[in-house]
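*Asks:* Have a look at the structure that comes next, please.
The values are calculated or read from the model by the stated rules, or taken from the named source; none is laboratory data. Please read these numbers as outputs of a predicted model, since none were measured by experiment. Cβ: placed from backbone, ideal geometry, glycine included. Neighbour counts: every protein chain shown.
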Amino acid sequence: MAQIIEWKDPRPEDIVWKHSEENITWGAQLIVHEYEAAVFFRDGKAYDVLGPGRHTLTTLNLPLLTKILSRIAGYKETPFKASVIFISTRVFPGKYGTRAQTTELAPLEVYGAFWFKAENPQLFVIEVVGGQNAYTTSDVNDYLRGFLNEKVIDELSRYDLLTVFTKLDETSLTVKNAILDAFRRIGLDLVDLRFEGIDTTPEYRERLFWLKSGQAAPSEVLRMETVKEAAKELGKSPGAALGAGMVLIPQIMAPTGPAPVPAAALLVCPSCSAHIPATSKFCPECGAKIAAPSATTKNCPNCGHSVLATAKFCPECGQKLQ
């Protein structure tokens, strides 16, 4: 009686199944059902792949395996050793969930769903089933979930917080295309990928609010957060809080950029009434000679400080002047 190799009664969720018998005889009957592929695997390599139908195993329909057998034991030797791994080519759903970071190291929690199918059963067996010893559906699902999580983390790390949350559709499409290429390299087709939830910590939610509202630039948001962190740290040291805070916080809140240049002192030209620098000896507008400062000052009778002739009180001691 001919040997029969068949995946009997697979469950709807089953992705892979390995036939228990590895000693295969020439002339054996291989039965492959619809939406299945049978891959012959030996010594860590995948060889011939047979699709749906009833196959009598001969050297004609197993040319790759025959070639390797002819080198080591003679291609007509029977039985010969090989594993028959059945792969379902249906579309399967999966779930993923992971923690990632943006370019500014904002923590992200993201989860969603994906759908996939075996596009290249031979490559899938090489890279995942045989390559990762994932001979059961549970093993395959665990590997794919970790594989996809890793790719999601890599892709999201290329974006800043504002882009992730305000351009989620665009971001998810870019991430999907990148993961699609990664899946193809292991013999799978990523049919669809969806972000079902994405969140960050309360601190970064507050930053996101200010960024989305447009009321503060990213540098200003960062400065406000620095002030809050500084105040929090100062609060831990009651003895230093007041003194340190009075100096530190104004420095943090000061806008970035060059310091403003003080306005120059001005006086009114007695000839043309133009406002000119107080150090001028001649008016740059009309050329009139400007009287020396001493002519417009007087000494305080109380403290002797030089003050403007028009001053009513001494700026040094407060003495009322005539």
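*Asks:* Which members of the range 41-65 meet the condition of being of a type in the set (Phe, Trp, Tyr) and more than 20 Å from residue 137 (Cβ to Cβ)?
*Replies:* If the condition is that a residue be of a type in the set (Phe, Trp, Tyr) and more than 20 Å from residue 137 (Cβ to Cβ), then 47 is the only one that fits.
*Asks:* In addition: Give the number of residues within the range 112-131 that are surrounded by fewer than 16 Cβ atoms within 10 Å (Cβ to Cβ) and under 28 Å from the mean Cα position of the chain (by Cα). It would help to see each step written out before you state the result.
*Replies:* Going through the range 112-131, the residues surrounded by fewer than 16 Cβ atoms within 10 Å (Cβ to Cβ) turn out to be 113, 115, 131.
From the residues that got through so far, the ones that are under 28 Å from the mean Cα position of the chain (by Cα) too are 113, 115.
The qualifying residues number 2.
*Asks:* Would you mind stating whether residue 112 is out of contact with any helix residue (DSSP H, G or I) (no Cβ under 7 Å at 6 or more places or on another chain) and in contact (Cβ under 8 Å) with a residue 24 or more places away in the chain?
*Replies:* It is true that residue 112 is out of contact with any helix residue (DSSP H, G or I) (no Cβ under 7 Å at 6 or more places or on another chain) and in contact (Cβ under 8 Å) with a residue 24 or more places away in the chain.
*Asks:* Can you pull out the residues in the range 138-160 that are within 10 Å of the chain's Cα centre (by Cα) and more than 15 Å from residue 195 (Cβ to Cβ)?
*Replies:* Scanning the range 138-160 gives 154, 157, 158, 160.
*Asks:* Further, regarding this structure: Which members of the range 283-295 meet the condition of being surrounded by 13 or more Cβ atoms within 10 Å (Cβ to Cβ) and modelled with pLDDT under 80?
*Replies:* Passing the criteria: only 290.
*Asks:* Among the candidates 9, 14, single out the residue that is of a type in the set (Asp, Glu), in a loop (DSSP other than H, G, I, E, B) and surrounded by 14 or more Cβ atoms within 10 Å (Cβ to Cβ).
*Replies:* Going through 9, 14 in turn, the sole match is 14.
*Asks:* Looking at residue 68, is it farther than 20 Å from residue 143 by Cα and exposed (fewer than 13 other Cβ atoms within 10 Å of the Cβ)?
*Replies:* no
*Asks:* Restricting the range 46-60 to residues that are loosely packed, with under 14 Cβ neighbours inside 10 Å and touching a residue at least 12 places away in the same chain (Cβ under 8 Å), which is nearest to residue 122 (Cα to Cα)?
*Replies:* Ranking the qualifying residues of the range 46-60, first place goes to 51.
*Asks:* Still on this structure: When only residues in the range 46-72 that are of a type in the set (A, V, I, L, M) and part of a loop (DSSP other than H, G, I, E, B) count, which is nearest to the chain's Cα centre (by Cα)?
*Replies:* Taking the range 46-72 as the starting set, the residues that turn out to be of a type in the set (A, V, I, L, M) are 46, 49-50, 57, 60, 62, 64-65, 68-69, 72.
Now drop any that are not part of a loop (DSSP other than H, G, I, E, B), which leaves 57, 60, 62.
Values: 57: 50, 60: 51, 62: 46 Å.
Looking at residues that are of a type in the set (A, V, I, L, M) and part of a loop (DSSP other than H, G, I, E, B), I get 62.
*Asks:* Which numbered condition in (1) of a type outside the set (S, T, N, Q); (2) over 14 Å from the mean Cα position of the chain (by Cα); (3) over 30 Å from residue 11 (Cβ atoms); (4) exposed (fewer than 15 other Cβ atoms within 10 Å of the Cβ) is the only one that residue 107 fails?
*Replies:* Condition not satisfied by residue 107: (2).
*Asks:* Which one is nearest to the chain's Cα centre (by Cα) among residues in the range 22-45 that are surrounded by 15 or more Cβ atoms within 10 Å (Cβ to Cβ) and more than 24 Å from residue 115 (Cα to Cα)?
*Replies:* Checking each candidate, the answer is 41.
*Asks:* Out of the residues in the range 155-174 meeting the condition of being in contact (Cβ under 8 Å) with a residue 24 or more places away in the chain and closer than 30 Å to residue 131 by Cβ, tell me which one is surrounded by the most Cβ atoms within 10 Å (Cβ to Cβ).
*Replies:* 156
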